[in-house]
Amino acid sequence: MTPAVVDLPLRPAERRDIAARRLASLGIAPRGGGGVGSVAESVAETVRRQLAMQAQDLASGVWSIGVRNAASLRDVESAIEARLITRSWPMRGTLHFMATEDVKWMCQLLNGGVAAATRARFAQLEITDVVLDRGRALVTSALVGGRALSRPAALELLRRNGIHPDGQRGLHLLGRYCQEGLLCQGPAAGRQPTFVLLDEWVPTSWEPQREQAMAGLAERYVLSHGPVTIRDFAGWTGQSLTFARAAVALAGDRVVAEEIGGESYLVHPDAPAPVPRSRLHLLPGFDEFLLGYKDRTAMLTAAEEALVVPGRNGVFLPTVVAQGQVVGTWGRRVGARRVEITVTPFGELSASRRRGVDRAATAYGVFLGLPAEVRFAGPRR
């Protein structure tokens, strides 16, 4: 299948339709539990349905789960400790949460070109194959038997054994070992992530052949994000359009094409129906609602995107989303007794939307286990 590529502006009704359907696919509307077993298992099911959830920023990543599930922050941490969900680097050199059984095959399928992509940077840092092999042996020996190392401890291990971790050398090494599928992150040690051996940490893994993995990847991405374009899929995976088209073809009738606004979108036959009037949400900055797509025009205009990414540096501010449209940004300050939330709308907010903000802020406070206070700043222009 090779969908046509036609660059035509979406009409307002088409934008609303795509955004509403994406909210449903992403599990954002309505917010609720995963409906299986314990709360930790419900958290795992939420992550599994999404395939992989952006988690480079940990606070953003855990709330991406919370906004889709009635779980608390402690419930998400419990799911990590129970090895039901895992944070690692499956693609694009970026941390994601995944159901633990999905970590290994995704790393194997999508990180094949990582060595070529980082060759120049590794040469600049004097990370040779010899250094990579020595570091790999060191961390394996230190972790075997179910042990874990915090990030500072792992960097100190390298230093003690003659591999200087300064200048991000150590972080690049640890990241590479995770991309290779040797390591993954375990439960946090205070404010620090830990590293464990993936083969010891993961109780069971899906172990598909390459074509089966590609088909599963395409189907699950489209089901959890659709409607999407082929460029969205390629961008999300960090792979070429050729790879994306081949994966979609392998998915067969589990992924179908639908024309919207003159462009071909990929949809799943079992996609959930959109909610007619979804509630207002306070989404984290790196949520899949925006990060899951190359083309975000269904959810916000180019001018609004510049307000969400003010530095044009890939750092997304948390967003206020009403009826599938980004209508502002928000920030938080977490104290010992409360979380203070400041909302900066793009324009004037109606009384009903302000009440929606209050409800969403309360939900975020419940997630953290703190009362929430809301302040509205002047509209951003």
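The values are calculated or read from the model by the stated rules, or taken from the named source; none is laboratory data. Just so it is clear, the model here is predicted, and its values are computed rather than measured. Cβ placement follows ideal geometry from the backbone for every residue including glycine, while neighbour counts extend to all protein chains displayed.
Among the numbered conditions (1) farther than 15 Å from Ala20 by Cα; (2) surrounded by fewer than 22 Cβ atoms within 10 Å (Cβ to Cβ), tell me where Gln325 comes up short.
The number of the failed condition is (1).
Would you tally the residues in segment 230-251 being surrounded by fewer than 21 Cβ atoms within 10 Å (Cβ to Cβ) and of a type in the set (Ser, Thr, Tyr)?
So the count comes out to 2.
Of all residues in segment 219-256 being of a type outside the set (Gly, Ala, Ser) and not in a helix (DSSP H, G or I), which is farthest from Gly93 (Cα to Cα)?
Once the filter is applied, the top-ranked residue is Val256.
Condition first: under 19 Å from the mean Cα position of the chain (by Cα), buried (at least 20 other Cβ atoms within 10 Å of the Cβ) and among the charged types (D, E, K, R). Can you find one or more residues in segment 53-63 that meet it?
no
Restricting segment 272-319 to residues that are crowded, with 18+ Cβ neighbours inside 10 Å and of a type in the set (Ser, Thr, Tyr), which is nearest to the chain's Cα centre (by Cα)?
Among them, the one singled out is Tyr293.
Look at Val6 and say whether it is at negative phi and modelled with pLDDT of 95 or more.
It is false that Val6 is at negative phi and modelled with pLDDT of 95 or more.
From the residues in segment 178-201 that are of a type in the set (Gly, Ala, Ser) and surrounded by 21 or more Cβ atoms within 10 Å (Cβ to Cβ), which one is nearest to Leu110 (Cα to Cα)?
Gly181
Would you be able to tell me the number of residues in segment 344-374 that are within 24 Å of the chain's Cα centre (by Cα), free of Cβ contacts under 8 Å to residues at least 40 places away in the same chain and crowded, with 18+ Cβ neighbours inside 10 Å?
1
For segment 93-119, which positions are under 20 Å from Leu291 (Cβ atoms) and surrounded by fewer than 19 Cβ atoms within 10 Å (Cβ to Cβ)?
Across segment 93-119, the qualifying residues are Gly93, Thr94, Ala117.
If the requirement is being assigned to a helix (DSSP H, G or I), more than 17 Å from Cys107 (Cβ to Cβ) and β-branched (Val, Ile, Thr), which of these qualifies: Val139, Val130?
Val130
What are the residues in segment 155-170 that are in a helix (DSSP H, G or I), closer than 21 Å to Cys184 by Cα and out of contact with any Gly (no Cβ under 7 Å at 6 or more places or on another chain), if any?
Listed by number, the residues that qualify are Glu156, Leu157, Arg159, Arg169, Gly170.
Go through Gly365, Gly331, Gly311 for me and flag whichever is more than 21 Å from Arg15 (Cβ to Cβ) and modelled with pLDDT under 95.
Matching residue, one of Gly365, Gly331, Gly311: Gly311.
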